[in-house]
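Participant: My questions all concern the structure below.
The values are calculated or read from the model by the stated rules, or taken from the named source; none is laboratory data. As the structure is a computational prediction, the values presented were derived from the model and not from experiment. As a convention, Cβ positions derive from the backbone with ideal geometry for all residues, glycine included, and neighbour counts pool all protein chains shown.
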Amino acid sequence: MTRKPLISSGIFMGVGLGGFVDGILFHQVFQLHAMLTAKYPKDSFANYQVNMVWDGLFHAVTWLMTVIGLAMLWNAGRRADVPWSGRTFLGAMILGWGLFNLVEGVIDHHILHIHHVVEALGVSIWDYAFLGSGVLFIAIGWAMIASAKREATPLPRGGGTPAIVAS
Amino acid sequence: MKRHASITLFLLNAAATTSRAFACPLCDSEVAQETRAGIFNEQFFSNLLAGMLPFAIVSAIALAVRVDWSSVLRGNDQGGIAP
């Protein structure tokens, strides 16, 4: 038995859905920053559009991450040797979201400085809070996965009666 | 006559609003040219790398989780990425 395919798919989905939270909430609804606001501040219509294009690419990749995670989940669900555990999967998604926040925060906010959480402030307490959320989500996700180890039970796939018999 | 006047008014209106309506990155307007210049410049690939790097790293981590490292480290032929 292995939980690895389930955990891996959960991380991909967590990265994708966590990326959507960032993009939808921070980039679009609150408009605190966009993908390249440190390089192209939103002080002209052209710069707005430049950022909108890069935000679109960002969302395209988050969509891709979600689709990859969904495909891997589908694959894991068809395997009899992968124990089906909602707690493991939810933990992996939270872990993935945390990984995204931590890695994206370190690279984009602190190393490359292409944007910051509240662009008007530059590097601020909010960037460190973003990193902190990443560490917290990773810890919560890790704990959930660890605690679900004994709870995970295999579904009667393969050995059970199939609902639909292929011809 | 009335029809011609309607068409003329429509065309005048379209001409007057062209610069605003065609401000998309692929359109032919001054703003669109500025937008393209802001995207497709000497920093395009570095911007692309900056945007995609976090995804590449977390994807590598997610895929690494799937690998049976104990088998890989033992050099077992049965090891590797779970099917």
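Participant: Please enumerate the residues belonging to the range A:1-47 that are within 19 Å of the chain's Cα centre (by Cα), within 12 Å of chain B (Cβ to nearest Cβ) and of a type in the set (A, V, I, L, M, F, W, C).
Facilitator: A:Leu6, A:Ile7, A:Ile11, A:Phe12, A:Met13, A:Val15, A:Ala34, A:Met35
Participant: Restricting to the range A:128-167, name every residue that is over 30 Å from A:Asp22 (Cα atoms), modelled with pLDDT of 60 or more and of a type in the set (Val, Ile, Thr).
Facilitator: A:Thr153
Participant: I've got another one for you. Which ones in the range A:47-90 are polar (S, T, N, Q) and touching a residue at least 60 places away in the same chain (Cβ under 8 Å)?
Facilitator: A:Asn75, A:Ser85, A:Thr88
Participant: Out of the residues in the range B:37-48 that are part of a helix (DSSP H, G or I) and more than 9 Å from chain A (Cβ to nearest Cβ), which is nearest to A:Ser8 (Cα to Cα)?
Facilitator: Here the residue is B:Phe45.
Participant: Also, I was wondering about something else. Taking the range A:46-62, which residues are within 14 Å of B:Thr35 (Cβ to Cβ) and touching a Phe, Trp or Tyr at 6+ places or on another chain (Cβ under 7 Å)?
Facilitator: A:Asn47, A:Val50, A:Asn51
Participant: If you take the residues of the range A:75-117 that are aromatic (Phe, Trp, Tyr) and farther than 23 Å from A:Gln28 by Cβ, which of them is nearest to the other protein chains (Cβ to nearest Cβ)?
Facilitator: Filtering first and then ranking leaves A:Phe89.
Participant: Also, I was wondering about something else. Need the failing condition index for A:Trp97 against (1) touching a residue at least 60 places away in the same chain (Cβ under 8 Å); (2) under 18 Å from B:Arg66 (Cβ atoms); (3) assigned to a helix (DSSP H, G or I), just the number.
Facilitator: Among (1) touching a residue at least 60 places away in the same chain (Cβ under 8 Å); (2) under 18 Å from B:Arg66 (Cβ atoms); (3) assigned to a helix (DSSP H, G or I), A:Trp97 violates only (2).
Participant: Scan the range A:51-88 for residues that are within 12 Å of A:Ser8 (Cβ to Cβ) and outside any helix (DSSP H, G or I) and jot them down.
Facilitator: If the condition is that a residue be within 12 Å of A:Ser8 (Cβ to Cβ) and outside any helix (DSSP H, G or I), then A:Val82 is the only one that fits.
Participant: Please enumerate the residues belonging to the range A:110-124 that are over 19 Å from A:Asn47 (Cα atoms) and either in a helix (DSSP H, G or I) or in contact (Cβ under 8 Å) with a residue 60 or more places away in the chain (or both).
Facilitator: A:His110, A:Ile111
Participant: What are the residues in the range A:80-93 that are of a type in the set (A, V, I, L, M) and surrounded by fewer than 24 Cβ atoms within 10 Å (Cβ to Cβ), if any?
Facilitator: A:Ala80, A:Leu90
Participant: Taking the range B:44-83 only, how many residues are at pLDDT below 95, surrounded by 13 or more Cβ atoms within 10 Å (Cβ to Cβ) and among the β-branched types (Val, Ile, Thr)?
Facilitator: 3
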